[in-house]
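Comments concern the structure below.
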Amino acid sequence: MPSTDKAEQGAISTVFQRTLEVRTSGQGFVDITAEVAGIVAEAGKKTGLCTVFLQHTSASLVIQENADPAVLRDLQRWMTRLAPEGSGYEHDEEGPDDMPGHLRSAITRSSEVIPIVGGRLGLGRWQALYLWEHRRAAHVRRLVVTVLGTG
């Protein structure tokens, strides 16, 4: 397979940043791929990196399959078994789902880095970027999207 590597010698990288607010409807996944792709398009960079950082500790970011919704349901069930509610956590002032939310966040990620290829997110064919809400109630989650690139 031929290489598609390119070097942009002398190109100047610039940084573009936006804050994105996402409303969740409780536990589960919100596909944020289109919103992040829109920010990348607004930045106008052809080659670079897009970093998405979640400013919360009871939700997370994941890149996962977008073709079969059963994948997301299976992940949710697995995570519920891994960090269940009602396990006698000391931190419970914000409700029985709060500490499990922190545990779920601790074993996933609060940021993702995606390459920008040809002005678009370099995700694979069956990949999407999801905000994974770990709390039962709806929340507004803030994300910082930073685009570093050229062209």
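Quick check on the chain: what does the Kirkwood estimate of hydrodynamic radius come out to from the alpha carbon pairs, in Å?
That comes to 16.7 Å for the chain.
Pop out the ³J(HN,Hα) list for the range 72-85 in order, Karplus 6.51 cos²θ - 1.76 cosθ + 1.60 with θ = phi - 60°, rounded to Hz; leave Gly and Pro as x.
For the range 72-85, the Karplus-derived couplings read 5, 5, 4, 4, 4, 5, 4, 5, 5, 6, 5, 10, x, 6 Hz, x marking Gly and Pro.
For a protection proxy built on the mean count of beta-carbon atoms within 10 angstrom, sort 50-56, 131-137 highest first, please.
Details: 50-56: 18.6, 131-137: 21.0.
Result, highest mean first: 131-137, 50-56.
At a 10 angstrom cut-off on C-beta neighbours, averaged per residue, how do the peptides 34-42, 143-151, 78-86 rank from highest to lowest?
Packing order, densest peptide first, comes out as 143-151, 34-42, 78-86.
Taking 1 over the mean of 1/r across every pair of different Cα atoms in the range 21-77, what Kirkwood radius in Å do you get?
This gives a value of 13.4 Å.
Bear in mind these aren't lab numbers, they're just calculated from the coordinates by the rules spelled out. On a predicted model such as this, the values are computed, not experimentally measured, just so you know. Don't worry about glycine lacking a Cβ; one is built from the backbone with ideal geometry, like all the others, and counts go over all protein chains shown.
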